[in-house]
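No value in this document is a laboratory result; all are computed from the given coordinates. Here the structure is a predicted model, which is why all the values come from computation and not from measurement. Cβ: placed from backbone, ideal geometry, glycine included. Neighbour counts: every protein chain shown.
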Ligand SMILES: [Zn+2]
Ligand SMILES: [Zn+2]
C-alpha cells in the first residue's frame, strides 16, 4: 500500500502500479523523508502481505524542483519573505 508522506493519502496498490499513477518513491534531498524506490522494493520482497510504503503522491512531489511538497512550501515561503 502506498502512503503519501505529505497528505496521508493511501492507495492499496503495489509499487509498480503506484508509480504508473504518478507516485514517487525517493528520498527528498532536503528533509530526507521518503523511501528510495530500490530500498522499498527490497523491503517489500522480504515481507509478505500488506506493507505501507511511504512515498509521495502525484500531487506532492515536484519533479521540476526535485523536492517534496514540504520543502517546496518552505522555499516559496522563504521567497515571499525576501520579496
Ligand atoms: Zn499527497
Ligand atoms: Zn522534503
- request: Please give the helix 37-46 orientation as an angle from the longest Cα principal axis of the chain, in degrees from 0 to 90, rounded to the nearest 10.
  value: 30
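Could you put 6, 42 in order, starting from the residue whose Cβ has the fewest other Cβ atoms within 10 Å?
Ordered by Cβ neighbours within 10 Å, fewest first: 42, 6.
Viscosity 0.890 mPa s, temperature 25 °C: what is the translational diffusion coefficient of segment 2-82 from Stokes-Einstein with a Kirkwood Rh over Cα pairs, rounded to a whole number of µm²/s?
Calculated translational D: 187 µm²/s.
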- request: Pull out the extension gain between residue 30 and residue 74, defined as 0.36 nm times the separation in residues minus the alpha carbon to alpha carbon distance; nm, one decimal.
  value: 14.8 nm
- request: Please figure out what share of the DSSP beta bridges in the chain is antiparallel and state it in percent, rounded to the nearest 5.
  value: 60
field: CD proxy at 222 nm, helix term only [per DSSP H run n ≥ 4: -39500 (n - 2.57); per residue of the chain; nearest 500]
entry: -10500 deg cm²/dmol
field: Helix axis angle, 69-82 relative to the chain longest principal axis, alpha carbon, degrees
entry: 0
